[in-house]
Amino acid sequence: MTLVENVVDEYDRGRPSYPDGVFEALGDLRGLRVADIGAGTGIATRQLLERGADVVAIDAGAAVLAQAARRTENLKAGVADGARLPLRDASFDLVCFAQSWHWLDPATRVDEVRRVLGRGGRLAAWWSHAAIQTGGWFDSYWTAIERACPGTHRSQAETDWGPTFVPLSAVTGTVPWVREVSVHDWITDQSSHSYVATMDEAPRRALLTELRTICATAFSAGTMQIPFITRLWIATSP
């Protein structure tokens, strides 16, 4: 997974961290050898490190890993395709994909993760998104996005990628949470999503102005409280 170079800062400033329930489901992480694949700017990496894991961050984008290194003391990291990992066989206890599994080549990703994990090692993948709301500002917001970004639809945010773990045996869970965020940071986050980041500059600027106006009108105090869910899948390597 790579990010458009000119939105690395926006991604880092705007994207939220992941709810505690994700890491609680993974159990005691102290001392575990963990590979965070598609690590981006290190959001999940830092949360894993805080819980005592020994983490290596992998991403195909040098720019995002450079940002992760600036934010993360003594970061272990490597630039690589997450479906072709420069890691030894059976060298990790846990391989994590925070919103990145679906970017990897489906022809190689399962076998590659199996190769890197030791027997009984685990693969964990999770995706966070705003719980779909109906009516009001949310409809207006997504109508503007769909109009400006052909091929993008609000329902795509709810795609459940977990079944692509087959043939791995997996358990799944859903962690509900509430994201409290300023309008400014919400729009910063939105600007880093691929369907916005890849737009030509003038229409991109116009769309973000429209979205900011919708949010500022709906949340006049400047703070948004948005219900989110994080879907988590955990599989064990045979």
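Rounded to the nearest 20 debye, the dipole size of the chain about its Cα centre is 380 debye, using +1 on the Cβ of Lys and Arg and -1 on the Cβ of Asp and Glu. I'd like the carbon and sulfur percentage of the solvent accessible area for the chain, probe radius 1.4 Å, heavy atoms only, ligands and nucleic acids excluded. It is 51 percent, rounded to a whole number.
A 1.4 Å probe run over the chain, with the rest of the protein chains in place, finds 46 Å² accessible per residue. Peptide packing: for 108-114, 171-177, 230-236, the average count of neighbouring Cβ atoms within 10 Å per residue gives the ranking 230-236, 108-114, 171-177, highest mean first. Just going by the charge dipole of the stretch 97-238, with Lys and Arg at +1 and Asp and Glu at -1 on Cβ, which of Gln225, Gln190, Val116 is farthest out on the positive end? Among Gln225, Gln190, Val116, the one farthest towards the positive end of the dipole of the stretch 97-238 is Val116. Here the chain is described by how far its Cα atoms reach on the three principal axes: 53, 33, 32 Å, from widest to narrowest.
Compared with the direct C-alpha span, the chain from Ala131 to Ala90 gains 11.0 nm at full extension, assuming 0.36 nm per residue. Each label was represented as a point 7 Å from its Cα along the Cα-to-Cβ direction; for Val171 and Ser155 these points are 3.2 nm apart. Derived from the Cα gyration tensor, the three semi-axes of the equivalent ellipsoid of the stretch 86-149 are 38, 13, 7 Å, largest first.
Every Cα-Cα pair of the stretch 1-62 was included, and the share exceeding 20 Å stands at 29 percent. Extension gain, Ala66-Arg147: 0.36 nm per intervening residue step, less the Cα-Cα distance, totals 25.7 nm. Computed over the Cα atoms of the stretch 57-114, the ratio of the radius of gyration to the Kirkwood radius (Rg/Rh) comes to 0.96.
Rounded to a whole number of µm²/s, how large is the Stokes-Einstein D of the stretch 172-238 at 25 °C and 0.890 mPa s, given Rh as the Kirkwood radius over C-alpha pairs? Diffusion coefficient, whole number: 175 µm²/s.
Subtracting the Cα-Cα distance of Asp200 and Arg13 from their residue separation scaled by 0.36 nm leaves 65.2 nm.
The values are calculated or read from the model by the stated rules, or taken from the named source; none is laboratory data. Worth saying up front: this structure is predicted, and the values here are computed from it rather than measured. Note: ideal-geometry Cβ built from the backbone for every residue, glycine included; neighbour counts use all protein chains shown. All accessible areas refer to the heavy atoms of the entire protein, side chains included, with ligands and DNA or RNA removed. Shrake-Rupley method; radii C 1.70, N 1.55, O 1.52, S 1.80 Å.
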